[in-house]
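Every read-out reported here was derived from the displayed coordinates using simple, explicitly stated rules and does not represent laboratory data. Note that this is a predicted model, so its numbers are computed, not measured. Reconstructed Cβ throughout: ideal geometry from the backbone, glycine too, with neighbour counts over all protein chains shown.
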Amino acid sequence: MNITKLTSTKTICNSYLIEEGGFVVIIDPGQDGVVETEIDSKGYTPEYILLTHEHFDHVQDLEAVRSKYNIPVVASKLCSERLGDPKTNLSIIEDILSYYKTGVVSEEKSPRFVCGEAEITFVGEYELQWRGHQFAFIEAPGHSPGGVLIILDGDHYFTGDYMLFNEETTLRLRGGSEEDFVKITEPIINGIPDGVIIHPGHGATYIKGQEGETK
Ligand SMILES: [Zn+2]
């Protein structure tokens, strides 16, 4: 199994490809066509798209990737519902948030966009078996209502906008909830054992408990 991190330039958002025998699962299709470019150059066959949450930077290429490869999307029910409104996927404030993240004022106004619902949705927890691997999903609200942590084979954590390296979790965007974070998601994060690999939606990959050594 190989895990490839692909970073969009616009909002420095990480997409991930998990590859096994030429087949891949995509986590967060991101922006700038990074996922398609990598898949096509390597000749991979994609099979699923998994979403950590509904925010525009993680899903801008969702419809392009879904229709090009004709593959199902897996997301929490709330994430799926919130993809379809620029106010809840936050594409309505993309330029402001991009500026906040990168310090660069975009020359063109970014378009608002919506995505269709996911083919596979769940509430609470969900498991997906794939080519000898297991993806476990746990709902994790706070940053956004549709947020989830995705755990691959027990030791790779795809955390979306939680657990960014050296960055505090943003809870103030529309749909964010400090109460949900403290009550539901923070205890889950605190229970993640040291030694597992954290693959966040922005910034460096690192080993939990060894934050000094990024991978
Ligand atoms: Zn986000």
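Things worth noting here:
- Residue by residue, the range 160-173 carries 3J(HN,Hα) couplings of x, 8, 9, 6, 5, 5, 6, 9, 7, 5, 7, 10, 9, 6 Hz when phi is fed to the Karplus relation 6.51 cos²θ - 1.76 cosθ + 1.60 (θ = phi - 60°); x denotes Gly or Pro.
- Taking the centroid of alpha carbons for each part, the range 147-215 and the range 7-37 are 19 Å apart.
- Exposure proxy order (Cβ contacts within 10 Å, fewest to most) of MET163, MET1: MET1, MET163
- Only lysines eight or more places from LYS10 in sequence, or on another chain, were considered; those with a Cα closer than 20 Å are LYS87, LYS101, LYS109.
- Near GLY33, once Lys and Arg are set to +1 and Asp and Glu to -1 for all other residues with Cβ below 13 Å from its Cβ, the sum equals -4.
- Shape summary: the chain maps onto an equivalent ellipsoid whose semi-axes, from the alpha-carbon gyration tensor, are 22, 22, 18 Å in decreasing order.
- Computed over the chain: relative contact order in percent, which uses C-alpha pairs under 8 Å that are six or more apart: 15
- Bridgeable aspartates and glutamates around LYS208 (alpha carbons under 17 Å apart, same-chain partners fewer than 8 residues away excluded): ASP153, ASP155, ASP161, GLU167, GLU168, GLU186, ASP194.
- Considering only the range 2-207, percent of DSSP beta bridges that pair antiparallel, nearest 5: 65
- Taking 20 Å as the cut-off, the amide N atoms of the range 34-66 that come nearer than this to a point 7 Å along the Cα-to-beta-carbon line of HIS133 belong to 34-53, 58-59, 62, 65-66.
- By the count of neighbouring beta-carbon atoms within 10 Å, fewest first, SER15, SER98 end up ordered SER98, SER15.
- Electrostatic dipole magnitude of the range 2-207 [Cβ: Lys, Arg +1; Asp, Glu -1; Cα centre; debye, to 20]: 280
- With the simple model of a label 7 Å out from the Cα in the direction of the Cβ, TYR100 to ILE207 spans 3.4 nm.
- The loop-placed GluC sites (Glu not before Pro) in the range 162-214, going by DSSP, that have at most 16 neighbouring Cβ atoms within 10 Å of their Cβ come out as GLU167, GLU168, GLU211, GLU213.
- Estimated distance in nm for a label pair at SER41 and ARG174, the labels positioned 7 Å out from Cα along Cα-to-Cβ: 3.5
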